[in-house]
Structures are given as structure tokens and as C-alpha cells.
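Participant: Attaching a single structure in C-alpha cells format; questions to follow.
The values are calculated or read from the model by the stated rules, or taken from the named source; none is laboratory data. From a predicted model like this one, the values you see are computed outputs, not experimental measurements. Positions of Cβ are generated from backbone atoms using ideal geometry, with glycine treated the same way; all protein chains shown enter the neighbour counts.
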Amino acid sequence: MIRKFEEISMNAFPSLQTLVYDGWILRFGNGVTRRANSIIPLYDSTLEIISKLRFCEDLYNEQKLPALFKMTSCVNPSNLDIELEKRGYLVDTEISFQTLKMISNFNIKNDCEVIINTTVNNNWLQRYMQFNNYENSQFETFEKILRQIKTKKCLLEIVKDKKTIGCGLGVIEGEYIGLFDIVVDLDHRKKGFGEIILKSLLNWGRNHGVEKAYLQVLPDNQQAVELYKKLGFKEEYKYWYRIKK
């Protein structure tokens, strides 16, 4: 199941370029987000590990990117985490991958407008970048990444007093909807708007025939963790990044 979840989450948020190298997935996205610029050692590995690491390090160095490995308990080879640690790679971030089985649509009580887009538009992307404090120089890369999503997607925003105050991304593949980057404007946080975005995305997914969802969350984001638990999300596994600093 870890391999399946890694595959569909890669499809849901693609990189600009992908290289398959002896079972490892090397992703390049101009440095925009860790997930789009990481090495995912997902499949069987046959080459000698040190030479593979050198190849990856050289390739990412040429792109002026750090060699960043996305690790799970089922990486190949199984001793890769130990070898990375020996080589000076530090654990950068640990993330919880969680899933939900939806029984019915969620009730939503709110006084704001929910807008659903199924194609990329500048207003949604500008608000998304603003709420996440991304640089304007990254706009073009984000736009290219989002336009490369090949399955059904929902770019959702909520509007209050004619102003967009939050947004989120949902992507369907098979029986799952993946939820990404649910974010609310700083001035409107801790008021329940994140829950409205989350439930609206889940309802959109159910209306398109899926009954399962997944998301990824930092374990120390207590407010988000509690909300996801309240809705029924349960952890499937943890993954972490290793980076050579």
C-alpha cells in the first residue's frame, strides 16, 4: 500500500521532469516544493549503492538543487537510510500520510461562498501562493506543475465579503482523492475555514464517485492533526526527507 500511495501522490502533484534510474524516481521542479524535487527510491535497485548516490548527487548539483531523498519503510535497497546517514544526510522533515473512508457527504455550515475550479486560473494560484508565502518568481513553475496534473482536479477557494480567504487542491485517481495545500489567509485562521475547505473537497470527491481520501500532514501541526482525526483520518505510514547539508 505504501508503494501505491507514493505512486498516486506523485501523479497528483507532478514534477516538471522525471528520470527513472534503476528503480529510483528522480524528480525535478526548479526547486519548488520538496515533493517535486526529491529522489524517491521506490522500486527494486540493482546497481551498487555508492555509485548510485554519486550519480544522483552530481545530477542534482548540476541543476543547482540539493540531493533530497524521500524515505519510507519500504525503500530499495532496505539499508539506504543507514547509508545516507553515514554519508552525512540529515533527517529534514517527518510527515504523516493519512487516509479516510467516507461514509456520506459532510454537512457544512458556513457563511462564505465556495468556488470550485477544475482548471488552473491565475486568481486561485495567486491566492495560493500568497497564503503560503511563496515568492512571485515561483509562479510560472507552480502553474506548469498544476497544468501537468492529468486526472480530475478541484482547485477550491472560499470567499467571504467578496475576498478569497482560503483555498485547497483535490486530485482524484482511482478510488482516492488526494488533498493538498489546504491553506487559509493569516487573518482568518483558527475560525473553522480550514474545515470548510477540507469538507468541501471531500464532498466534491464523493460527488465524483470516490469514497476514500488521503492527505499528508506534519505531526507537530496540532490543529490540523486534531481536525483530521475529528473527521476520521488515520495514519497509514510516515515518510521523511534526508538531505545533505
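Participant: So which residues in region 95-107 are surrounded by fewer than 15 Cβ atoms within 10 Å (Cβ to Cβ) and either modelled with pLDDT of 95 or more or of a type in the set (A, V, I, L, M, F, W, C) (or both)?
Facilitator: Across region 95-107, the qualifying residues are K101, I103.
Participant: Another question, then. Of all strands (runs of 3 or more DSSP E) completely enclosed by region 152-245, which ones contain at least 1 residues that are among the small types (G, A, S)?
Facilitator: 163-173, 176-184, 212-217
Participant: Next question, about the same structure. Search region 113-140 for residues that are assigned by TED's automatic domain parsing to the domain that holds K152 and pair each with any residue that is of a type in the set (K, R) when their beta-carbon atoms are under 8 Å apart and the residues are at least 6 apart or on different chains.
Facilitator: E113/K160; T118/K152; T118/K153; V120/R147
Here is a yes/no grid of residues against (1) modelled with pLDDT of 95 or more; (2) over 15 Å from the mean Cα position of the chain (by Cα); (3) over 17 Å from V184 (Cβ atoms):
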site: K199; (1), (2), (3): yes, yes, no
site: W204; (1), (2), (3): yes, yes, yes
site: N207; (1), (2), (3): yes, yes, yes
site: V210; (1), (2), (3): yes, yes, yes
site: V217; (1), (2), (3): yes, no, no
site: Q222; (1), (2), (3): no, yes, no
site: Y228; (1), (2), (3): yes, yes, no
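Participant: Further question on the same structure: Please give the number of the condition T46 fails out of (1) surrounded by 13 or more Cβ atoms within 10 Å (Cβ to Cβ); (2) farther than 26 Å from I182 by Cβ; (3) modelled with pLDDT under 95; (4) not charged (D, E, K, R).
Facilitator: (1)
Participant: Given the conditions (1) within 24 Å of E6 (Cα to Cα); (2) in contact (Cβ under 8 Å) with a residue 40 or more places away in the chain; (3) crowded, with 19+ Cβ neighbours inside 10 Å; (4) not assigned by TED's automatic domain parsing to the domain that holds P14, which single one is not true for I165?
Facilitator: For I165, the failing item is (1).
Participant: Here is a further query. Given the conditions (1) modelled with pLDDT of 95 or more; (2) surrounded by 17 or more Cβ atoms within 10 Å (Cβ to Cβ), report the number of the one that H188 does not fulfil.
Facilitator: (1)
Participant: Please find, within region 6-43, the residue that is surrounded by the most Cβ atoms within 10 Å (Cβ to Cβ) out of those that are hydroxyl-bearing (S, T, Y) and within 28 Å of D181 (Cα to Cα).
Facilitator: Across region 6-43, the extreme among qualifying residues is S38.
Participant: Let me ask you something else. Among the residues of region 189-240, write down those that are charged (D, E, K, R) and touching a residue at least 40 places away in the same chain (Cβ under 8 Å).
Facilitator: Passing the criteria: K199, R206, E211, K212, K234, E235, E236, K238.
Participant: How do the helices (runs of 4 or more DSSP H) wholly within region 1-97 filter down when requiring 2 or more residues that are touching a residue at least 24 places away in the same chain (Cβ under 8 Å) and of a type in the set (V, I, T): which remain?
Facilitator: In region 1-97, 2-12, 49-62 are the helices (runs of 4 or more DSSP H) which contain 2 or more residues that are touching a residue at least 24 places away in the same chain (Cβ under 8 Å) and of a type in the set (V, I, T).
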